[in-house]
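As structure tokens, the structure follows; a few thoughts come after it.
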Amino acid sequence: MGLLDPVKGFGVTFSTMFRKVVTEEYPEVKKITAPRYHGRHQLNRHPDGLEKCVGCELCAWACPADAIYVEGADNTEEARYSPGERYGVIYQINYLRCIGCGLCIEACPTRALTMTNEYEVADDNRQDLIYTKEDLLAPLLPGMEQPPHPMRLGESEQDYYVQGPTLDRSGSGAVGEEHR
């Protein structure tokens, strides 16, 4: 053990002491996320406003943290929420449990569930971190109608899901696009 060993221990401290401090001004200046950032979830809609979620519960089965709860119900001709036979009547994501892995997104057969770039989901109330269907649904854009309503883009479920990419050719660019 040499005489300078105690001084060598402070080498990192002394080498960083006189560098310029890098400070993030987070609340005032928001950080720009990468385009494929896994943030808050969103339940998407078809261009006419019907929900893409068919209540299949595959997202809940795929979630390793058991953070998603889905309960499906049948559509009727009087009350149609999605083009399929079923829709998600109850949809909840518990952000106290969610680990942001994105397995639920991969499991969704209709691309109903995607993730946005929104990363500010912290709260001081535990109940507010359980997002319900109303919190997760994408907003209605111009040209969309609040469900329940009849199918406007075709006569069957196949028209929505198989020919879906050709349905929105309005040129507006906003209606029918999936939001990140």
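FYI, it's all coordinate maths here, none of it is from the lab. Since the model is a prediction, treat every value here as computed from it, not as a measurement. All Cβ positions, even for glycine, are placed from backbone atoms using ideal geometry, and neighbour counts span all protein chains on display.
In this calculation the C-beta distance from Glu106 to Ser15 is compared with R0 = 41 Å, giving a FRET efficiency of 0.35.
By the Cβ distance rule (another cysteine Cβ under 4.7 Å), the unpaired cysteines of the chain are Cys53, Cys56, Cys63, Cys98, Cys101, Cys108.
Between Trp61 and Val121, the modelled label-to-label distance comes to 2.3 nm, taking each label 7 Å out from Cα in the direction of the beta carbon.
For a label point 7 Å from the Cα of Asp135 along Cα→C-beta, name the residues of segment 20-48 whose backbone N is under 16 Å from it. What the label zone holds, given the 16 Å backbone N cut-off, is 39-43. For the chain, give the share of DSSP beta bridges that are antiparallel, in percent and rounded to the nearest 5; count only bridges with both residues there. Antiparallel: roughly 95 percent of the beta bridges in the chain.
About the centre of its Cα atoms, segment 36-162 shows a dipole size close to 360 debye [charges on the beta carbon of Lys, Arg (+1) and Asp, Glu (-1) only; nearest 20 debye].
One chain, two ends: Val7 and Tyr26. Fully extended at 0.36 nm per residue, the span grows by 3.2 nm beyond their Cα-Cα distance. Put simply, the amide H of Arg86, placed in the peptide plane, has neighbours under 5 Å in Asn75, leaving out anything fewer than 5 places away on its chain.
A cut-off of 5 Å between modelled amide H atoms, ignoring neighbours fewer than 5 places along the same chain, links Tyr81 with Thr76.
Think of segment 1-122 as a dipole: +1 on every Lys or Arg Cβ, -1 on every Asp or Glu Cβ, centred on the Cα centre; then among Ile99, Leu58, Val7, Val7 lies furthest on the positive end. Pairs of Lys residues in segment 1-145 are counted when their Cα atoms are under 23 angstrom apart and they lie 8 or more places apart or on different chains; the count is 4. Length gained on full extension, Glu157 to Thr33: 41.1 nm, using 0.36 nm per residue less the C-alpha separation. When the Cα atoms of segment 36-162 are aligned to their principal axes, the ranges along those axes come out at 44, 30, 27 Å in descending order.
The distance linking segment 12-56 with segment 79-110 is 21 Å (Cα centroid to Cα centroid, whole angstrom).
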